[in-house]
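Structure record follows, encoded as structure tokens.
The values are calculated or read from the model by the stated rules, or taken from the named source; none is laboratory data. All figures in this text were calculated on a predicted structure; none of them were measured in a lab. Neighbour counts run over all protein chains shown; Cβ positions are idealised from the backbone, glycine included. Heavy atoms of the whole protein, side chains included, go into the accessibility calculation; ligands, DNA and RNA do not. Shrake-Rupley method; radii C 1.70, N 1.55, O 1.52, S 1.80 Å.
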Amino acid sequence: MPNVFEPGSLDEAAELFVGSSSVSIEREGGDVVLSTAHMNRILEHEPGDLTVIVEAGLRLSELQEALAPHGQMLALDPPGDPTLGACLAGDLSGPRRHRFGAMRDLVIGVTIVLADGTIASSGGRVVKNVAGYDLGKLFSGSRGRLGLIARLALRLHPRPSSEATVVVETDDPRGLWQEIQASRLTPTAVDFLPPRRIALLFEGPAAGVEAQVSSCPGDVSDASVWAESGARQRSALGHEPLLWQDCLLARPGVGIAYLARPDERGWSPLAERVRASFDAQGILR
């Protein structure tokens, strides 16, 4: 069994890399498994700027709970309750991706630890910041193969005062989705639930939500439909979302709950060259 190391700081994580021959992050594979369980603090929250700086081991639910009294949220809804580092390493998202994008779109700064122990940061504490290389997007989807994601600066959104879910049944998902896109409807979350349902979430002031719902075909549903969506997404992790390309012509990820077949694609040659430049000794597994 590999040794599990739980650093409590950036320096401790850097020291681990310097003294190890092979390391895997949050999974087995190396002689040492690095866990961010003890790097789970909220370091700085600026409610007026709608930004927060957190350590990578903080769970999404813990952040949302801390933000709720301020009427704010991280507009991310992946399945389960991942750490925020895992959200970026896997570029996770859920039905809210339709409006807010994936994790990579919510990161405004990142601090990472490379395989040689180097600590590097880019971005900043405010949304409009162009300091340094965009390591956040580079590490998005890296799955722990480029280095340890240690800290993240995140863009927040106001928590909506009202919400409602509408479920539409149709034999023509493509045609229905094109109609919705051509209308004035502005759902914040969308998902396709096979074989015939499209779920839409409307959020905002009560009057605006009511107007959206009254203009939308389908029936008002309770929030349980999003629990079903999350369950489908959990079973779909590690697979390739194909159906949205055929039926839901919106931003990638809108239909990620439905998976047609396993994703057998490996890293591209360019991604492998980037990995080799970040970890020339092959320490990360």
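Here is a yes/no grid of residues against (1) of a type outside the set (Lys, Arg); (2) touching a residue at least 60 places away in the same chain (Cβ under 8 Å); (3) touching a helix residue (DSSP H, G or I) at 6+ places or on another chain (Cβ under 9 Å):
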residue: 187; (1), (2), (3): yes, yes, yes
residue: 214; (1), (2), (3): yes, no, no
residue: 224; (1), (2), (3): yes, no, no
residue: 233; (1), (2), (3): yes, yes, no
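Among the residues of segment 12-54, what is the count of those that are in contact (Cβ under 8 Å) with a residue 40 or more places away in the chain and in contact with a strand residue (DSSP E or B) (Cβ under 8 Å, 6 or more places away or on another chain)?
23
Within segment 35-75, which residues are among the β-branched types (Val, Ile, Thr), in contact with a helix residue (DSSP H, G or I) (Cβ under 9 Å, 6 or more places away or on another chain) and farther than 22 Å from residue 23 by Cα?
If we filter segment 35-75 for residues that are among the β-branched types (Val, Ile, Thr), which is where we start, we get 36, 42, 51-54.
Next, only the ones that are in contact with a helix residue (DSSP H, G or I) (Cβ under 9 Å, 6 or more places away or on another chain) stay: 36, 42, 52, 54.
Correct list: 42, 52, 54.
Output the residues belonging to segment 34-52 that are over 18 Å from residue 65 (Cα atoms) and under 18 Å from the mean Cα position of the chain (by Cα).
36
Of the residues that sit in segment 5-35 and are β-branched (Val, Ile, Thr) and out of contact with any Ser or Thr (no Cβ under 6 Å at 6 or more places or on another chain), which one is modelled with the lowest pLDDT?
18
Within segment 94-103, work out how many residues are assigned to a loop (DSSP other than H, G, I, E, B) and either open to solvent by less than 10 Å² (accessible area, probe 1.4 Å) or free of Cβ contacts under 8 Å to residues at least 24 places away in the same chain (or both).
The number of residues fulfilling the criteria is 4.
Out of the strands (runs of 3 or more DSSP E) lying entirely within segment 1-89, which hold 3 or more residues that are farther than 30 Å from residue 203 by Cβ and hydrophobic (A, V, I, L, M, F, W, C)?
32-34
If you go through segment 265-281 one residue at a time, do you hit one that is under 30 Å from residue 138 (Cα atoms), open to solvent by 70 Å² or more (accessible area, probe 1.4 Å), among the small types (Gly, Ala, Ser) and at pLDDT 70 or above?
Yes: one or more hits.
Being under 10 Å from the mean Cα position of the chain (by Cα) and open to solvent by less than 10 Å² (accessible area, probe 1.4 Å), is that true of even one residue in segment 109-128?
no
When you look at residue 47, is it in contact with a His (Cβ under 6 Å, 6 or more places away or on another chain) and either open to solvent by 60 Å² or more (accessible area, probe 1.4 Å) or farther than 30 Å from residue 272 by Cβ (or both), yes or no?
Taking the combined requirement at face value, the residue satisfies it.
Looking at this structure, is residue 27 under 21 Å from residue 6 (Cβ atoms) and among the basic types (Lys, Arg)?
Yes: the conditions hold for residue 27.
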